[in-house]
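Heads up, the thing below is written out as structure tokens.
The values are calculated or read from the model by the stated rules, or taken from the named source; none is laboratory data. The shown structure was predicted, so the numbers you read here are calculated from the model rather than taken from an experiment. Virtual Cβ from ideal backbone geometry, glycine too; neighbours counted across all protein chains shown.
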Amino acid sequence: MSPTARRPVIALDGPAGAGKSTVARRVAAALGYVLVDTGALYRAVALACARAGVSWDDPDGVGAQAEALVARGAIALVPAPDGLRVELDRADVTREIRSPENSLGASRVSAVPRVRAALLEMQRASLRGGGAVMEGRDIGTVVAPDAEVKLFVTASPEVRARRRHDELVARGERPSYEDTLRDVLARDRADESRAIAPLVPAADAEVLDTSSMSLDEVVDAIVARARAAGG
Ligand code: DC
């Protein structure tokens with residue numbers, strides 16, 4: 001590789017529960033690449049709206065809020081020893097954006113075209129230097145169609161429901177496995193059929209079904225793709 005060649009961009013898309021975030025963090029650490037969790041951006045917009053008293057169901061309000069946040073550089077993803085610290089107006093909101101309530105908000109605001117447009121340029125700017133792992137839902141299709149490595153990381157609904165169920169039980173909740181599976185299937189249907197940025201693999205993405213793979217196997221497979229692409 002010549003010294004001026006751009007290091008690859010790795011686009012990781014896929015449904016929730018496929019282990020994408022952990023995989024993205026581990027791949028970025030293994031390669032020394034920048035990690036960009038795009039879901040965190042939508043989550044930060046949702047939190048900022050809640051704080052400003054803007055309803056998540058008010059498209060103009062959340063659109064204006066997202067544009068203002070991006071214009072003043074209010075949202076930052078800062079590398080941290082265990083992944084990323086998410087900052088909103090310089091304050092650490094890493095944990096707060098992951099509350100169940102704010103997750104709902106993130107899902108609502110991510111369906112607003114003005115929000116997606118406002119975050120698009122910010123996401124692309126973070127890829128300009130190359131050497132990045134970007135995870136989300138529309139990275140290979142919309143944000144970085146030219147990414148050198150494009151993977152759609154998924155697992156069967158049953159495996160994702162099992163992982164989600166284990167997570168909830170570990171938190172002290174007692175959902176039934178059947179209910180968890182029903183939720184996973186309902187969310188898949190909603191995500192795949194929504195009008196804006198539906199969750200579908202890019203035509204040139206490789207689908208990586210992790211149902212029967214260990215975390216190490218998934219990470220190794222992606223690092224190998226990056227190496228083959230000059231990373
Ligand atoms: O990956 P996550 O759960 O942190 O994402 C939060 C929300 O944002 C989720 O409802 C999906 C949405 N999202 C999106 O629409 N596009 C992305 N590139 C990333 C996330």
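Please tell me if VAL115 is touching a Gly at 6+ places or on another chain (Cβ under 8 Å), near the ligand (Cβ under 10 Å from one of its atoms) and part of a helix (DSSP H, G or I). Yes; evaluated as a whole, the condition is true for this residue. Note on the range 109-138: among residues that are of a type in the set (D, E, K, R) and surrounded by fewer than 18 Cβ atoms within 10 Å (Cβ to Cβ), the one that is nearest to the chain's Cα centre (by Cα) is ARG124.
Meeting the requirement of 1 or more residues that are basic (Lys, Arg), surrounded by 13 or more Cβ atoms within 10 Å (Cβ to Cβ) and in contact with a Ser or Thr (Cβ under 6 Å, 6 or more places away or on another chain), the helices (runs of 4 or more DSSP H) wholly within the range 152-231 are 157-170. Check whether at least one residue in the range 82-101 is in a helix (DSSP H, G or I), closer than 18 Å to VAL223 by Cβ and in contact (Cβ under 8 Å) with a residue 24 or more places away in the chain, and report yes or no. No, there is no match, as no residue in the range 82-101 is in a helix (DSSP H, G or I), closer than 18 Å to VAL223 by Cβ and in contact (Cβ under 8 Å) with a residue 24 or more places away in the chain.
From the list GLY131, GLY172, GLY136, the lone residue that is within 15 Å of the ligand (Cβ to nearest atom) and modelled with pLDDT of 90 or more is GLY136. Does the range 55-76 contain at least one residue that is under 30 Å from GLU206 (Cα atoms) and of a type in the set (Phe, Trp, Tyr)? Looking for residues that are under 30 Å from GLU206 (Cα atoms) and of a type in the set (Phe, Trp, Tyr), one finds none in the range 55-76, hence no.
Close contacts from the range 23-44, counting a first residue that is within 19 Å of GLY140 (Cβ to Cβ) and at pLDDT 95 or above and a second that is within 16 Å of the ligand (Cβ to nearest atom) and among the acidic types (Asp, Glu), with Cβ to Cβ under 6 Å and a gap of 6+ residues or different chains, come to ALA24/GLU135; ASP37/GLU135.
For the structure I just gave you, tell me whether ALA144 is at pLDDT 95 or above and more than 12 Å from the ligand (Cβ to nearest atom). So ALA144 fails the test. Within the range 102-145, which residues are without any contact (Cβ under 8 Å) to a residue 40 or more places away in the chain and more than 27 Å from SER55 (Cα to Cα)? ARG124, ALA125, ARG128, listed by residue number.
Yes or no, residue by residue, for (1) at pLDDT 95 or above; (2) near the ligand (Cβ under 10 Å from one of its atoms); (3) not charged (D, E, K, R):
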position: ALA64; (1), (2), (3): yes, no, yes
position: GLY83; (1), (2), (3): no, no, yes
position: ARG90; (1), (2), (3): yes, no, no
position: GLU101; (1), (2), (3): no, no, no
position: LEU104; (1), (2), (3): no, yes, yes
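Based on what the data block shows, is ALA5 more than 16 Å from the ligand (Cβ to nearest atom) and either in contact (Cβ under 8 Å) with a residue 24 or more places away in the chain or touching a strand residue (DSSP E or B) at 6+ places or on another chain (Cβ under 6 Å) (or both)? Yes; evaluated as a whole, the condition is true for this residue.
Which of the residues that make up the range 16-35 are more than 16 Å from the ligand (Cβ to nearest atom) and surrounded by fewer than 19 Cβ atoms within 10 Å (Cβ to Cβ)? Result: ALA29, ALA30, GLY32.
Please specify each residue of the range 36-60 satisfying the condition of being within 13 Å of the ligand (Cβ to nearest atom) and not in a helix (DSSP H, G or I). Scanning the range 36-60 gives VAL36, ASP37, TRP56.
Filtered by the rule that a residue be over 20 Å from ARG95 (Cα atoms), β-branched (Val, Ile, Thr) and part of a helix (DSSP H, G or I), the range 23-35 gives a lone residue, VAL27.
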